[in-house]
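Q: Quick one: the structure is below, and I'll ask about it shortly.
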Amino acid sequence: MRNDIGALLLRITLGVVFLSHGLAKFQGGIENVVGWFQSIGLPGFMAYGVAGIEVIGGAALIVGLGTRVFSLLFSLILLGAIVKVKFAAGFLDGYAYDVILLAIGIHLSLNGSKFFSLDQSLFSNTKEHTYRG
């Protein structure tokens, strides 16, 4: 039970963080984010994908839908951010926060979080023994 509560806290925390970051990208003007992506050598269209994954995935994690999939996607986004943007600033001034989020994302992608999750409500009867999302 303690592990379930811990995973729930990690899932909601990661969801809130990514939902907030995604919403900020759209509220601040997604075209600004597109321009910033281009300025660091990434295709501008990736800004839409990243922001969309952050908003949709963040909300999905909060309610416990597709936890493993979205946590894996967040982990990939974080790896990209660390390597492409944050690494040059060093650990404390650059990517320490991202490493914490990365660890949470990896944990959730490996272990899932079914406690108070929509996945558990939707899929517990049909995939009780095989699904651990």
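The values are calculated or read from the model by the stated rules, or taken from the named source; none is laboratory data. Computed from a prediction, not measured in an experiment: that's the story for all the values here. Virtual Cβ from ideal backbone geometry, glycine too; neighbours counted across all protein chains shown.
Q: Identify the residue in the stretch 92-112 that is of a type in the set (Gly, Ala, Ser) and surrounded by fewer than 17 Cβ atoms within 10 Å (Cβ to Cβ) and, among all such residues, is modelled with the lowest pLDDT.
A: So the residue we want is 94.
Q: Quick one: is residue 76 closer than 21 Å to residue 100 by Cα, hydrophobic (A, V, I, L, M, F, W, C) and free of Cβ contacts under 8 Å to residues at least 24 places away in the same chain?
A: yes
Q: Let me ask something additional. Kindly check whether there is at least one residue in the stretch 31-48 that is in a helix (DSSP H, G or I) and either touching a residue at least 24 places away in the same chain (Cβ under 8 Å) or under 19 Å from residue 14 (Cα atoms) (or both).
A: No: the stretch 31-48 contains no residue that is in a helix (DSSP H, G or I) and either touching a residue at least 24 places away in the same chain (Cβ under 8 Å) or under 19 Å from residue 14 (Cα atoms) (or both).
Q: While we're looking at this one, here's another question. Any residue at all in the stretch 37-44 that's in contact with an Asp or Glu (Cβ under 6 Å, 6 or more places away or on another chain), modelled with pLDDT of 95 or more, closer than 19 Å to residue 85 by Cβ and of a type in the set (Phe, Trp, Tyr)?
A: no
Q: Restricting to the stretch 31-59, name every residue that is out of contact with any Leu (no Cβ under 8 Å at 6 or more places or on another chain) and buried (at least 17 other Cβ atoms within 10 Å of the Cβ).
A: 33, 34, 37, 47, 50, 51, 56, listed by residue number.
Q: If you don't mind, there's one more thing I want to ask. Residues of the stretch 15-30 being among the hydrophobic types (A, V, I, L, M, F, W, C) and in contact (Cβ under 8 Å) with a residue 40 or more places away in the chain, which ones?
A: Those that are among the hydrophobic types (A, V, I, L, M, F, W, C) and in contact (Cβ under 8 Å) with a residue 40 or more places away in the chain: 16, 17, 18, 19.
Q: Which of the residues that make up the stretch 50-72 are over 20 Å from residue 30 (Cα atoms) and either within 8 Å of the chain's Cα centre (by Cα) or not small (Gly, Ala, Ser) (or both)?
A: Answer for the stretch 50-72, where residues must be over 20 Å from residue 30 (Cα atoms) and either within 8 Å of the chain's Cα centre (by Cα) or not small (Gly, Ala, Ser) (or both): 61, 62, 63, 65, 67, 68, 69, 70, 71, 72.
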